[in-house]
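These notes concern the structure reproduced below.
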Amino acid sequence: MTDESPESAGATTHFGFETVPEAEKAGRVRGVFTSVAARYDLMNDLMSAGVHRLWKDAMMDWLAPRPGQHLLDVAGGTGDISFRFLRRAGDARATVLDLTESMLAEGRRRAEAEHLADRLDWVVGDAMALPFPDASFDAYTISFGIRNVTRPEAALAEAFRVLKPGGRLMVLEFSQLAVPALQWAYDRYSFNVIPWLGEIVTRDRASYQYLVESIRRFPDQERFLDMIRAAGFEQAKYRNLTMGVAALHSGWKL
């Protein structure tokens, strides 16, 4: 799938610090994740010193999965969030949707190894045009993915559409530190160490340069909270993780 639509023809967006036509972004993002898919999970561990696992556990703590629920995990890639959801929910299902087939292929292999394959569906698709009927899911998660969507507002509108009444949105994304000195130090690490690690581990410095730049272009906590409210979600809140290196945003379809 592509992100192009008639109303977006001729419009531009950002790809990291670069300005590109909207119609090109999805293909370029797909290229990034196709390149790094085989070592994506290893790089997450190295980049965050394993802290991303604690952030994802915090996401599940706040989401509080329950038996019988059906989760849609958008930009779910290798299934990290869905696996956590299924382990906690018991009798439940998860559908993982991602733009990149090679990321889903890695996830399928992991699911088979962890004996979760029978409760998971894997779908190649676009966050801005979900291939599901209205009111299909009890919960919607997107973890470190919405900043890669061409129009995050469209993805949030689709999340609202496919959730059942009473359904919940949960977004985990890199964010902004409140203390300028800490933000400066974090930026030095991000722009110097992470692309270097990407080059060593995946032989792809450019993809991790893009990922770092995309973090800095993403709206801060309050601006993203306003976007969630504008999509129709109520009781919208956020929690900072590791002083704002990442943030969890929550909203309900009531």
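Here Ala92 clears all of (1) modelled with pLDDT of 90 or more; (2) out of contact with any strand residue (DSSP E or B) (no Cβ under 9 Å at 6 or more places or on another chain); (3) more than 26 Å from Glu199 (Cβ to Cβ) except the condition numbered (2).
Restricting the first member to the stretch 198-221 and to residues that are surrounded by 16 or more Cβ atoms within 10 Å (Cβ to Cβ) and at pLDDT 90 or above, and the second to residues that are outside any helix (DSSP H, G or I) and aliphatic (A, V, I, L, M), the beta-carbon pairs closer than 6 Å and six or more apart or on different chains are Gln221/Ala247. Selection of helices (runs of 4 or more DSSP H) fully inside the stretch 1-93 by the criterion of at least 2 residues being touching a residue at least 60 places away in the same chain (Cβ under 8 Å) and under 20 Å from Arg109 (Cα atoms) returns 22-36, 40-48, 80-89. Among the helices (runs of 4 or more DSSP H) confined to the stretch 130-244, the ones with at least 1 residues that are of a type outside the set (Ser, Thr, Tyr) and touching a His at 6+ places or on another chain (Cβ under 8 Å) are located at 205-217, 221-230.
I'd like to check something: does the stretch 130-142 contain any residue that is at pLDDT below 95 and not charged (D, E, K, R)?
Checked against the condition, which is being at pLDDT below 95 and not charged (D, E, K, R), the stretch 130-142 yields no hits at all.
The values are calculated or read from the model by the stated rules, or taken from the named source; none is laboratory data. Everything quoted here is computed from the prediction, not taken from an experiment. Positions of Cβ are backbone-derived with ideal geometry, glycine not excepted, and every protein chain shown enters the neighbour counts.
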